[in-house]
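In what follows, a structure is listed as structure tokens, so that the remarks can point back to it.
The values are calculated or read from the model by the stated rules, or taken from the named source; none is laboratory data. Not measured: the values here are computed from a predicted model. Positions of Cβ are generated from backbone atoms using ideal geometry, with glycine treated the same way; all protein chains shown enter the neighbour counts.
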Amino acid sequence: MFQNSRTMVSALVPKIHFRKLALGFVIFFIIAFPILALNLKTINVQVDGKTISLTTVFNTVGQALTYSNLEINSEDLVIPARDKKITKGMTVLVTRSIPVRLAVDEQTLSARTTAKTVGKAIEDLSNRYGLQIKDVDEVNLPRSEALKSQMSIEVRRSVPIVLQADGKTIDTYVAPRTVAEVLKKFNIILGAKDKVSLALNHILAANEQVKVVRVAERLETIKSEIPYQTVTQPGDYPVGLPDKVISRGSNGLQEQTMRLTLEDGKEVDRQILGQKIIVAPTNELISRGAQTTVSRGGETINFQRAYLMRATAYCIPGGITKTGAPVQWGVVAVDPNVIPLGSRVYVDGYGSARALDTGGLIQGNRIDLYMDSEAAASSWGVRYVLVYIQ
């Protein structure tokens, strides 16, 4: 009998334990329900074009959304902010973010953004991830294009370059690419003979300069004079006297076909392709003195050259010449720039003499002859004579 009593007690223990738990739950619910009821708040969530009524016991917007079944992403835009305390009847606006792929610096980033355009998405992700993408960097899509889910955006970093062409200088930015690609990008079409400062397959680096020189060729027919030549023949008169024109010369006329090469509008070369003479030139014929000897009073005078000079006479007894020699018959004053001092000369109408003196008025083709008397000097006067330098 004792054994049966123990079995009955053991069967009663679980039942008593369950009843205690159930009673505790009922008591907790009775106590907690009023508290929970007092903390319940209902907000209106506008998302995906719908307004959804959401009842929550949480205090902040972020907590309410996190523990809801709305599947809100951390990148979604929430207004008011997620840390804003909830008030009854509050309206919360949720803008869904969409997934995109951004490739930059040879890396691809998968992220979400609420931006509406490609440009705004780049700005958002650049700021968020510290990518420092600039407005001048190149993008594979127009920045104004509407953003779509799973869109792939490719960014190429740009570097500053200088482009000179057609009289313009363009300071711009381009992603590293060949010179040929840059010219195509700016619609610069090269002619067959145009020159470029860098090879077309050269990949541009920062601050490099590309200069395009336009090369053009054109044909021109040009008429020009053919200068006449001067032909001399020996004349039967002393060396040194002025040439005598026997017949006047005249220029000819020729026509030339030229190929002109121009770089940026400036002529840099010309080549004669052909020419023809329209009027031949006529040479000028002159006679040039060839005599180096003359006969005077049965005597032959040899000389180097002759001058036609204006001759005057003077008489200063006892005078001293420029060279220190005393004045006397046969002493003449000359311009040393024409006849060197000390030269032997022969003066027509006077005879042999030595150039030993100078004078303030004796310049150029002038000569002053010493006479033995004032009367002889006066009688000589002024005359033009041939002076032979021996």
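Numbers at a glance
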| read-out | value |
| --- | --- |
| Residue within the range 118-125 that is out of contact with any strand residue (DSSP E or B) (no Cβ under 9 Å at 6 or more places or on another chain), surrounded by 12 or more Cβ atoms within 10 Å (Cβ to Cβ) and outside the structural domain of residue 176 (by TED's automatic domain parsing) present | yes |
| Test: residue 359 is surrounded by 13 or more Cβ atoms within 10 Å (Cβ to Cβ), over 60 Å from the mean Cα position of the chain (by Cα) and not assigned by TED's automatic domain parsing to the domain that holds residue 251 | yes |
| Filter pass, residue 285 being at pLDDT 95 or above and within 60 Å of the chain's Cα centre (by Cα) | yes |
| Residue match in the range 157-171 (condition: without any contact (Cβ under 8 Å) to a residue 12 or more places away in the chain, aliphatic (A, V, I, L, M) and surrounded by fewer than 16 Cβ atoms within 10 Å (Cβ to Cβ)) | no |
| Exclusive hit being outside the structural domain of residue 242 (by TED's automatic domain parsing) and over 27 Å from residue 240 (Cα atoms), set 352, 343, 378 | 378 |
| Strands (runs of 3 or more DSSP E) lying entirely in the range 221-340 (those with 2 or more residues that are more than 30 Å from residue 386 (Cα to Cα) and not assigned by TED's automatic domain parsing to the domain that holds residue 357) | 252-263, 266-279 |
| Test: residue 49 is closer than 30 Å to residue 111 by Cβ, surrounded by 14 or more Cβ atoms within 10 Å (Cβ to Cβ) and either modelled with pLDDT under 55 or of a type in the set (Gly, Ala, Ser) (or both) | no |
| Positions within the range 147-156 being surrounded by 15 or more Cβ atoms within 10 Å (Cβ to Cβ) and of a type in the set (Lys, Arg), in sequence order | 156 |
| Residues (surrounded by 11 or more Cβ atoms within 10 Å (Cβ to Cβ) and farther than 30 Å from residue 190 by Cβ) located in the range 257-277 | 275, 277 |
| Selection from the range 325-342 of residues that are out of contact with any Ser or Thr (no Cβ under 8 Å at 6 or more places or on another chain) and surrounded by fewer than 17 Cβ atoms within 10 Å (Cβ to Cβ) | 325, 326, 328, 329, 337, 340 |
